[in-house]
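Contents: one structure, followed by commentary.
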Amino acid sequence: MMKIKKGIPLIDQYDKNFMWGGKFGGNFVPETLKKPIDDLNRLFEKLRKNKSFIKERDYYFKNYVGAPTPFIKLQNLTNYLGGAQIWAKVVSENPGTAHKVYNVLVHCLMAKYAGKKSVCTDTGAGMNGKNTAMVGKMLGLKVKIFMGLVDIKRQKKNVDVMKKYGAEVIPVTTGSQTLVDAVSECMRYFVANCDSTHLVVGSAVGPAVWIRICAWSASQISRELLVQIKDEFGKIPRKLKLLNCIGGGSSALGFWNEFIDYDKKQVELIGVEAGGSKKSKKHAAPLTNGSKIGILHGSAQYVIQDKDGQIGETESISAGLDYPGVSAIHCFLKDAKRARYTSATDEEALNAYKLVTKFENISPSLEPCHAFAECIKIAPKLSKDTVLCINSCGSSLKDADIIKSKLGYYTE
């Protein structure tokens, strides 16, 4: 069985081929990408140890993002469900209304340090695109965003924001016209323009260096949470469960990072994938449904495939989870049995939205509603000294039209 090495950052637990557990990750890329990857690796290793860079990063985390984001008890939902205490880390309270801002800020600062004046990125739910547009404008960078046409239509609110901040939004009309195709087109553009443009991969996917940068950046979430939990309870609770939605997996890696070395009997990590509609056989849950290892966007991972080994089609009400693969580090955590993965259907996510907004003054996007759905399932079965904490990593504003069409109303 694969093992997690205690005391060593999870992002550094790879072998000579940049693979976690000898099976996941790597750099399965064309020759033209090898030098840009080597250059980015060297830049990242230099900057993550550079005191001036860390100081600048922390300045923006505090004064732009507004660290720390709130950690609150959902008392009404706790009373309604009975059983475990339910808490939320409301990451969506930052100005970018999603966890994506951490990764984007680090990437854009890296671009500045490298002397590059433009960045390109992919987006599905539009949160990564919106945050890249915002941060890019603040730091004086030109921004080019690749987005599937299906996602452009269903996430129009975020597209409007991207354009407002001066970003160029490029519709992707190939394949399923969703996130997987946007990532592919963005990488193609980067290969041809890597001398002048920095690539912001929107999640912890792709060649190993982008996985590492994203997970390292998002770990700000768990650094804050660790302090907040100790302040609230005096110590880490004896029974703590951290629930997070899983698409590419960036928010979960950030949410879990500081808790990896705790015994899993004390701190359980629960990832919730997109199970798709009950009316369809399609889903976006490779970890839950026994998908085989394949190569997607330069990385070995569990990935949804058809009978011929080609990348399979996915389906989810949530654009941010609608991806056929998952971060190599999540594959590693699954095989090492450090994290447990399950899925929630579209219908369960919508029901979670109804309950959370009925009882509490937060309005999570459809992505974290998948994690809330799992919380709703398990909370009544657990003891009152169990603490469930959900990463409410996105705001529902981007999903207003979808929610209203499904439920007949929307609660901001």
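The values are calculated or read from the model by the stated rules, or taken from the named source; none is laboratory data. None of the values given here were measured: they were computed from a predicted structure. Neighbour counts run over all protein chains shown; Cβ positions are idealised from the backbone, glycine included.
Remarks
- Among the residues listed as G136, G124, the single one being surrounded by 24 or more Cβ atoms within 10 Å (Cβ to Cβ), under 18 Å from the mean Cα position of the chain (by Cα) and in contact (Cβ under 8 Å) with a residue 12 or more places away in the chain: G124
Yes/no matrix, rows are residues, columns are (1) under 22 Å from V135 (Cα atoms); (2) among the aliphatic types (A, V, I, L, M); (3) out of contact with any helix residue (DSSP H, G or I) (no Cβ under 8 Å at 6 or more places or on another chain):
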residue	(1), (2), (3)
G21	no, no, no
G25	no, no, no
L33	no, yes, no
L40	yes, yes, no
F53	yes, no, no
P68	yes, no, no
F71	no, no, no
T78	no, no, no
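- Spans of helices (runs of 4 or more DSSP H) in segment 322-387 with at least 1 residues within 19 Å of L77 (Cα to Cα) and of a type outside the set (S, T, N, Q): 346-359, 366-378
- Flag for S222 being touching an Asp or Glu at 6+ places or on another chain (Cβ under 9 Å) and polar (S, T, N, Q): yes
Okay, residues lined up against (1) at pLDDT below 95; (2) over 22 Å from P207 (Cβ atoms):
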{"position": "M1", "(1), (2)": "yes, yes"}
{"position": "K6", "(1), (2)": "no, yes"}
{"position": "Q13", "(1), (2)": "no, no"}
{"position": "G22", "(1), (2)": "no, no"}
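- Answer residue from segment 57-81, given it is aromatic (F, W, Y) and under 30 Å from H107 (Cβ atoms) and is farthest from the chain's Cα centre (by Cα) among those: Y59
- Selection status of V91, in contact (Cβ under 8 Å) with a residue 60 or more places away in the chain and out of contact with any Lys or Arg (no Cβ under 9 Å at 6 or more places or on another chain): yes
- Subset of segment 251-275 [within 22 Å of L350 (Cα to Cα) and buried (at least 24 other Cβ atoms within 10 Å of the Cβ)]: S251, A252, G271, V272, E273, A274, G275
- Number of the condition not met by I170 [criteria: (1) surrounded by fewer than 20 Cβ atoms within 10 Å (Cβ to Cβ); (2) more than 27 Å from K62 (Cα to Cα); (3) touching a residue at least 40 places away in the same chain (Cβ under 8 Å); (4) of a type in the set (A, V, I, L, M, F, W, C)]: (3)
- Hits in segment 223-246 (condition: out of contact with any Cys (no Cβ under 8 Å at 6 or more places or on another chain) and buried (at least 22 other Cβ atoms within 10 Å of the Cβ)): I246
- Any hit, segment 377-399, residues being closer than 23 Å to V303 by Cα and under 19 Å from the mean Cα position of the chain (by Cα): no
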